[in-house]
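Participant: First the structure, which I've put down as structure tokens, then a few questions once you've had a look.
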Amino acid sequence: MSNTSNYVSTTNACKLCTPLGASMAFRGVEGSIPFLHGSQGCATYMRRYIISHFRESIDIASSALGEKNAIYGGGPNLKKGILNVMIKYEPKVVGIATTCLTETIGDNVPMFISEFKNEFGELPLPEIVHVSTPSYSGTHTDGWHGAIHSIAEQLCLDKAPEKHSVNILPNMVSCEDIRHLKDICADFEIKPTILPDISETLDGITLEDYAKIPSGGTPLSEIKTMSGAKATVEFGRCLPKKTGGISLRDRFKTPNYRIGLPMGLRENDVFFETLSAISGKTMPDRYVMQRGRLVDAFVDGHKYIFGKRAVVYGEEDLVVGLSSFLAEIGIDVILAGTGSHGKKLETHIEAVTKDVARCMPEVHEGVDFFDISARAEELKPDILIGHSKGYQYAKAWNIPMIRVGFPIHDRFGGQRIKHIGYEGTLALLDRIINAFIEKKQNDSPVGYGYL
């Protein structure tokens, strides 16, 4: 008899599909259409998730495979789908992400694309980028990073003349975060190539006529000349071995700075010091003042939050950034969870909280909410910090919840939450402190109106 423990199926995953992340990344490229090589249902599911967070319509093309294609292969559907997209959208870029079905049956997508270019080479073809994103091998963050690596690898092919620009690969941050990054770079007199740039493509304006492809995104011309940048800055301590920044470094000797998400005081200090080193400029007074206000707020708010216990979850680098920030303000992270596997989350959390945190959290990778919720309830947290999928647990435990990251379905404006920079950190601090104050007011039989 086998001693293998019973398999328990996923109940409420702490992650999303890999091609969903790739689709969001492709959306941040100028004139790009995300294209899923798989069944129609995959595209429908992902559109629903993206739309409910960003409140923007998004078209995701599909090769719409059926039962027949699962046996004979999806090559003909892929080629026909690309042609249809060319006719309907006239894109500059088609970003193809594979799905579980096409990876399982073994479709050779690079070969299909090569055949397509040979068969239809007389047409004005768009750039075609492909990435392997079966959901059984990763999460939406893996899809995001895989797409960025593929874009850099497949579109930036030659060494460009040196230019006064800096590549920034910002990880899965919000549209507002991207706009904030642009402001910071402008104040440092740096011309950034931000890949991807979702600041307009996933948070646009109201138009009289529907735009099939929204304006904005990282210009294709800038992507092709990323090799000439002064440097690349990548956000994330849990990044995979193959990233866009590493590709540019290895092929074109473009210096690559890998830093954590700039959340909290110390991680932001590293970010601003990096920009100063690249640009040769000291930190502008505007950010010196922002940093000073943040430190002042740390002092003013200390009495409301010191010693509180938090459970944090979500994308792995967001969890690391939150853990660093919460340690600085005296909140004990008692449990940190992510749906990703093999990201050395515990090691990275220990590195960013060393000599600051009063205790190390329990760290769980590849988790299901069903599993961590039982353990979290035993630990009796005072606050839950993560995306909307944790709401039912915060409600059951009668504790406040701070929504960050992706997806945020049950609140408005998730795409405009600022997480990074001294300003983003201060905004998050205000939200956390006010959540505790509101909880105390609501629990009081008489309430109070003065702090």
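Participant: For the subset of region 395-423 comprising residues that are among the β-branched types (Val, Ile, Thr) and either touching a helix residue (DSSP H, G or I) at 6+ places or on another chain (Cβ under 7 Å) or closer than 18 Å to Asn171 by Cβ (or both), which member is surrounded by the most Cβ atoms within 10 Å (Cβ to Cβ)?
Facilitator: My answer is Ile420.
Participant: Can you run down the residue pairs with Cβ atoms below 6 Å, 6 or more apart or on separate chains, where the first is in region 400-420 and closer than 19 Å to Leu20 by Cα and in the same structural domain as His180 (by TED's automatic domain parsing) and the partner is of a type in the set (A, V, I, L, M) and not in a strand (DSSP E or B)?
Facilitator: none
Participant: Considering only region 249-271, how many residues are in contact with a Lys or Arg (Cβ under 9 Å, 6 or more places away or on another chain), hydrophobic (A, V, I, L, M, F, W, C) and closer than 10 Å to Tyr422 by Cα?
Facilitator: Final tally of qualifying residues: 1.
Participant: How many residues are part of a loop (DSSP other than H, G, I, E, B), free of Cβ contacts under 8 Å to residues at least 40 places away in the same chain and either closer than 25 Å to Thr274 by Cβ or assigned by TED's automatic domain parsing to the domain that holds His419 (or both) if we restrict to region 191-250?
Facilitator: Number of matching residues: 2.
Participant: Of the residues that make up region 344-361, is at least one of a type in the set (Ser, Thr, Tyr), under 25 Å from Gly414 (Cβ atoms) and free of Cβ contacts under 8 Å to residues at least 40 places away in the same chain?
Facilitator: The answer is no, given that none of the residues of region 344-361 is of a type in the set (Ser, Thr, Tyr), under 25 Å from Gly414 (Cβ atoms) and free of Cβ contacts under 8 Å to residues at least 40 places away in the same chain.
Participant: Let me ask something additional. So which residues in region 251-265 are surrounded by fewer than 19 Cβ atoms within 10 Å (Cβ to Cβ) and either over 21 Å from the mean Cα position of the chain (by Cα) or free of Cβ contacts under 8 Å to residues at least 24 places away in the same chain (or both)?
Facilitator: Residues satisfying the conditions are Arg251, Phe252, Lys253, Pro255.
Participant: OK, next. Could you list all residues from region 374-394 that are among the hydrophobic types (A, V, I, L, M, F, W, C), buried (at least 18 other Cβ atoms within 10 Å of the Cβ) and touching a residue at least 24 places away in the same chain (Cβ under 8 Å)?
Facilitator: Ala376, Ile383, Leu384, Ile385
Participant: OK, next. Could you tell me whether Ala297 is within 22 Å of Met172 (Cβ to Cβ), out of contact with any Phe, Trp or Tyr (no Cβ under 7 Å at 6 or more places or on another chain) and modelled with pLDDT of 95 or more?
Facilitator: So Ala297 fails the test.
Participant: Given (1) out of contact with any helix residue (DSSP H, G or I) (no Cβ under 7 Å at 6 or more places or on another chain); (2) part of a helix (DSSP H, G or I), where does Arg293 come up short, assuming only one miss?
Facilitator: (1)
Participant: Sort out which residues of region 266-282 are surrounded by fewer than 18 Cβ atoms within 10 Å (Cβ to Cβ) and either part of a loop (DSSP other than H, G, I, E, B) or of a type in the set (Phe, Trp, Tyr) (or both), and write them in order of number.
Facilitator: Gly280, Lys281, Thr282
Participant: Please enumerate the residues belonging to region 435-451 that are on the phi < 0 side of the Ramachandran plot and out of contact with any Phe, Trp or Tyr (no Cβ under 9 Å at 6 or more places or on another chain).
Facilitator: Scanning region 435-451 gives Ala435, Glu438, Lys439, Asn442, Asp443, Ser444, Pro445, Val446, Tyr448, Gly449, Tyr450.
Participant: If you don't mind, another one. Select, from Ser52, Ser63, Ser32, the only residue that is surrounded by 14 or more Cβ atoms within 10 Å (Cβ to Cβ), within 30 Å of Arg411 (Cα to Cα) and at pLDDT 95 or above.
Facilitator: The unique qualifying residue is Ser32.
Participant: Follow-up. Quick one: would you say Arg237 is surrounded by fewer than 18 Cβ atoms within 10 Å (Cβ to Cβ) and among the basic types (Lys, Arg)?
Facilitator: no
The values are calculated or read from the model by the stated rules, or taken from the named source; none is laboratory data. This structure is a prediction, so every number in the text was calculated from the model and none was measured. Every residue, glycine as well, gets a Cβ built from its backbone with ideal geometry; the counts of neighbours run over all protein chains shown.
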